[in-house]
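See structure below.
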Amino acid sequence: MKILKNLGASLGIFILALNAAYANGVEPTATKKLEVNQIQSMLTSIDYGKFLEKETKLNISFFVSDQSEIIIVSTNNENLDSLIKSTLNYRKIAFNKLAFNKVYTIPVVIK
């Protein structure tokens, strides 16, 4: 019985931690179509063949500086992190609805 209580408590803590991870102020779907299309076109110029052997999903966290430049905060893929940053950092984009200096996250699938 004590084991079941501990298991239940552990599961509850895990769920709370998972919710906290998603509620950290990052908006995964907050970017608008114009901005996503621009970032997508920049990402298609990369030759991923040297870095990947199969389809990969990653999240790219970024913000837009006061000079309308993309600043990559992080990705969830160590192998592609520096490549993505070197390709996208300080590139100017046109934007509609993004706020300056607010972190946004976009999901990306690389095939």
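A compact table of results
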| read-out | value |
| --- | --- |
| Residue list for region 81-91, filter: touching a Ser or Thr at 6+ places or on another chain (Cβ under 9 Å) and under 15 Å from ILE106 (Cα atoms) | ASP81, ILE84, LYS85 |
| Single residue of region 27-71 satisfying the filter (in a strand (DSSP E or B) and of a type in the set (S, T, N, Q)) that is modelled with the lowest pLDDT | THR56 |
| Qualifying positions in region 72-105 - in a strand (DSSP E or B) and at pLDDT below 90 | PHE100 |
| Residue list for region 58-95, restricted to those being in contact (Cβ under 8 Å) with a residue 40 or more places away in the chain and within 10 Å of the chain's Cα centre (by Cα) | LEU58, ASN59, ILE60, SER61, PHE62 |
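The values are calculated or read from the model by the stated rules, or taken from the named source; none is laboratory data. A quick note: this is a predicted structure, and the numbers were derived from the prediction, not measured. As a convention, Cβ positions derive from the backbone with ideal geometry for all residues, glycine included, and neighbour counts pool all protein chains shown.
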